[in-house]
Each structure stands twice: as structure tokens, then as C-alpha cells.
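Encoded as C-alpha cells, the structure appears first; notes follow it.
Laboratory data are not the source of any read-out in this text; all were calculated from the coordinates shown. The model shown is predicted, which means the values in this text are computed figures rather than measured ones. A quick note on method: Cβ atoms are made from the backbone with ideal geometry, for glycine too, and the neighbour counts reach across all protein chains shown.
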Amino acid sequence: MCGGERLKASIIIPTYQEGDYIKKTLSTLTGLNESSVEIIIVDGGSKDNTVDIARRYADKVYRLNQRGISRAKNYGAERAAGNLLIFLDADVTVPQFFMKKVYEAFQDGNVVGATCNIMPTNPRLRELIFFTFYNGLLRFLSKIKPHSRGEFIAVRREAFMAINGFNENLPCVEDHDLALRLSKLGKFIFIADLTVYETLRRMRKAGFLRTIATWLTDYLSLMLRGKPVSRIWRSIR
């Protein structure tokens, strides 16, 4: 991997029925005032105002006839102009120094991918405790067998294409799978001094313990069987 190339980022966000969240996410990104960064939205057939909002903020907006988070991410990556691909969820917000930290992480030419701390916006106590532990675990694992949550993943485009992107046959845990495959090409790191924030809508609607149990079951299944137990990943809005 080249270490001296000038980095240009493409931020890719898959959407489906995100009218309640996408404006805040996109306004935060455009507020970074990063002229070298393009924002790409790939929508999976929203019936609400998601696409209308996206067109006011994003540089590129695409609509797919078929849903699928990995399919949407790969579609956006294929049409990205940047040599650094940043994948975010539609309900994620980032700090003002976001791009600075991401670019710094990729100054090391051996780094092919990265994730960071992911915390809930306005966390409840048990959420704060759990995600502090979970982020610490992912940071530790990054030195042994890298893993990543899908709310934020940054990848060199060259490496992403070399492994054929996200596995579209996986309905979930595609983020962990990507990190594992990328780590065979170079370093997949944890950016310890960067945190992005999510709404935590799934956990709060589906239930705290139930969500953790689903995550753990699907992850262990991926490690042991190469695929998750869950056959579909239901949208929760």
C-alpha cells in the first residue's frame, strides 16, 4: 500500500426510511467544511423524505431497487472518487475534528482499514458501561484479530476492491467480516482518540439484553461457521 499518496475521502451512507435521522447526520458532515470530501448516499427504496433530504446535502445520491446494506455500500464504493472510503450509518454524528483523525490514521501506508470508539448519543448508565467495555474490547482485539462495528469503518479503496468489498451474502456482521479479511492485507487499526455517536435506536426498541444476545450469537456463528445465525436484519426506525 502506498503511504505517500494524497488522501481524498468518499463518505458512503446506505439509507432506508431515514427521514428522522439523515438530516442531522448530513448537516454534521457538511459542517466539517472539508472540500476534498464527497458524500454519497445509496438508498434502498425509501418511501419517506430520505432521498429529498439527501439531495440537499450529498454530492451523489443513488437509488437501488434491491435492499441490502452490503449491496448498498459496495454500490457506493464502486462510484466513489476518493481513494479512502468511509462508511457511516445514517444515524451517526461525528466530531468537528473527524476527518483530521481519520487522515492521520492513514498516514501509515501499512494501514488498510480502521474503526474507532462508537458511543450512544445521550447514553443511559448501563449503555455507557456496556459501550465503554465494548470499545475497549474492540481496541484490544485490533492487535490480535481485528473486528469492527458498521457505524464507522474507513478503508483504503485499493484494499477494499482487492477483497471484493463487503460480502453481500451476509445479512449482518458484514462489518466484522470485512475487518477480518482486510487484516490479511495490512493493518486494521482502532483509532483510540476518535469517537462517533449513534442513536442506539435498535437496542432501545428491540431491548438491551436481546440485542446484545443477537450480536454475540451472530458473531460467534461467523467465527465458527463463516455465517451468522440471523437470516435477515430487520430495519428498526
The stretch 130-138 - phi-based ³J(HN,Hα) in whole Hz, Karplus 6.51/-1.76/1.60, Gly and Pro as x: 5, 6, 5, 5, 5, 4, x, 5, 5
Using each residue's phi in the stretch 80-85, evaluate 6.51 cos²θ - 1.76 cosθ + 1.60 at θ = phi - 60° and report the 3J(HN,Hα) Karplus result to the nearest Hz, with x for Gly and Pro. 7, 8, x, 8, 10, 9
Vicinal HN-Hα couplings computed from phi for the stretch 95-108 (Karplus, 6.51 cos²θ - 1.76 cosθ + 1.60; Hz; Gly/Pro x): x, 4, 8, 3, 5, 4, 5, 5, 4, 4, 4, 9, 5, 6
Counting only residues 5 or more places away or on other chains, whose amide H sits under 5 Å from the amide H of residue 12 once H atoms are built in the peptide plane? 40, 86, 87, 88
By average C-beta atoms within 10 angstrom, highest first, the peptides 30-38, 11-19: 11-19, 30-38
Amide H to amide H under 5 Å from residue 230: which residues, 5+ apart in sequence or cross-chain, H placed 1.01 Å off N in plane? none
Taking the Cβ of residue 86 as the center, what net charge do the other residues with Cβ under 12 Å away carry, scoring Lys and Arg +1 and Asp and Glu -1? +1
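Looking at this model, which pairs from 47/101; 47/73; 23/145; 23/143; 23/187 are more than 26 angstrom apart at the alpha-carbon? Let's see the in-between values first.
On the way: 47/101 35 Å; 47/73 20 Å; 23/145 35 Å; 23/143 36 Å; 23/187 33 Å.
Correct reply: 47/101; 23/145; 23/143; 23/187.
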Could you work out the local net charge near residue 179, counting Lys and Arg as +1, Asp and Glu as -1, over the other residues with Cβ closer than 15 Å to its Cβ? +4
So, counting K/R as plus one and D/E as minus one, what does the shell of residues with Cβ under 10 Å around residue 64 add up to? +2
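Considering only DSSP beta bridges whose two residues both sit in the chain, what percent are antiparallel, to the nearest 5? Before the final figure, lay out each step's value.
Numbers: 9 of 32 bridges.
Percent antiparallel among DSSP bridges in the chain is about 30.
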